[in-house]
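This report concerns only the one structure given below.
The values are calculated or read from the model by the stated rules, or taken from the named source; none is laboratory data. Since this is a predicted model, take the numbers as computed values, not measurements. A quick note on method: Cβ atoms are made from the backbone with ideal geometry, for glycine too, and the neighbour counts reach across all protein chains shown.
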Amino acid sequence: MKIYFAASLSGKAKYQKNYERIIDVLTGLGYKLVSDHVLNTEYNQVRDASDKELVKYYERTLKNISSADLVVAEVSQPTIGIGHEISIALEKNKPVLVLQVSGSLVPQILKAVPTNTVRIVKYTLENIEEVLTQEIANLKGSAPIRFNFFISPEINDYLDWISRVKRVPRAVYLRDLLGKEMEKNKEYKPL
């Protein structure tokens with residue numbers, strides 16, 4: 001399983017040991033990290049980066065989140081950037097494990113996320129291995145399944161139009177459409 005790890009660069013001064021421990025536990029459990037930029041990047045590198053460098057950083061972030069099976073976000077130091085990365089993951093239907101140090105406040109917006117693919121968990125350095133083991137196992141069952149199929153050029157044009165005009169990703173539109181059909185079909189019973 002590939003994991004994208006997100007945490008606040010500005011929070012490294014206070015939480016670097018936590019970030020290191022989380023990464024050590026994840027790799028120790030056999031997971032592959034598709035991002036380790038949190039430990040290898042300093043806040044001032046991003047703050048002082050040129051616009052061109054920031055675009056590359058953002059494109060790499062999108063690519064890494066897309067390639068991950070799960071996003072683990074440490075939010076004890078809440079930032080807009082981590083919130084945005086969580087939003088990207090949810091848009092891409094990726095399960096998200098949100099970690100925060102016991103005693104820190106849960107970002108309010110996360111309490112309202114209406115999905116079963118987000119878990120918000122408090123942890124300590126002493127119990128982080130147990131927390132990660134249990135919560136990742138819980139989220140594995142909610143991981144999306146990739147399904148590819150061929151479509152006509154007309155359907156492709158329509159989906160491109162939906163994406164452009166309605167500003168909804170094609171996959172999200174199709175998932176929502178199928179979800180509405182499932183709700184209407186009273187004969188369907190989940191296994």
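With respect to Gly83, determine if the residue is small (Gly, Ala, Ser) and over 30 Å from Val172 (Cβ atoms).
So Gly83 does not fit the description; no.
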(request) State which residue pairs qualify: first residue within 15 Å of Leu90 (Cβ to Cβ) and inside region 157-172, second residue part of a loop (DSSP other than H, G, I, E, B) in any location, beta carbons under 9 Å apart, and separation of 6 or more residues or different chains. (result) Pro169/Lys92; Ala171/Lys92; Ala171/Asn93; Val172/Lys92; Val172/Asn93
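Could you tell me which residue of region 173-190 is surrounded by the fewest Cβ atoms within 10 Å (Cβ to Cβ), considering only residues that are basic (Lys, Arg) and closer than 30 Å to Trp161 by Cα? Give the derivation first.
So in region 173-190, the residues basic (Lys, Arg) come out as 175, 180, 184, 186, 189.
Right, trim to closer than 30 Å to Trp161 by Cα and you get 175, 180, 184.
Numbers: Arg175: 14, Lys180: 10, Lys184: 8.
Within region 173-190, the match that is surrounded by the fewest Cβ atoms within 10 Å (Cβ to Cβ) is Lys184.
Just a yes or no: is a residue in region 31-54 of a type in the set (Lys, Arg), farther than 30 Å from Arg170 by Cβ and modelled with pLDDT under 90?
Filtering region 31-54 for residues of a type in the set (Lys, Arg) gives 32, 47, 52.
With farther than 30 Å from Arg170 by Cβ added as a condition, the list becomes 47.
Still in the list and also modelled with pLDDT under 90: 47.
Yes, the conditions are met somewhere in region 31-54.
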(request) Give just the number: which of (1) surrounded by 15 or more Cβ atoms within 10 Å (Cβ to Cβ); (2) among the hydroxyl-bearing types (Ser, Thr, Tyr); (3) in the same structural domain as Leu105 (by TED's automatic domain parsing) does Thr124 not satisfy? (result) (1)
(message) For a quick check of your reading: which strands (runs of 3 or more DSSP E) sit entirely within region 68-139 and have at least 2 residues that are farther than 22 Å from Gln16 by Cβ?
(response) 118-123
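Condition first: in contact with a strand residue (DSSP E or B) (Cβ under 8 Å, 6 or more places away or on another chain) and not in a helix (DSSP H, G or I). Now tell me which residues in region 12-41 satisfy that.
The first filter runs over region 12-41 and keeps only residues in contact with a strand residue (DSSP E or B) (Cβ under 8 Å, 6 or more places away or on another chain), leaving 15, 18-19, 22-23, 26-27, 31-36, 38.
Answer for region 12-41, where residues must be in contact with a strand residue (DSSP E or B) (Cβ under 8 Å, 6 or more places away or on another chain) and not in a helix (DSSP H, G or I): Tyr31, Lys32, Leu33, Val34, Ser35, Asp36.
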(message) For region 145-190, which positions are basic (Lys, Arg) and not in a helix (DSSP H, G or I)?
(response) Arg146, Arg167, Lys186, Lys189
(request) Could you figure out which of (1) assigned to a helix (DSSP H, G or I); (2) at pLDDT below 90; (3) crowded, with 20+ Cβ neighbours inside 10 Å isn't true of Ile65? (result) (2)
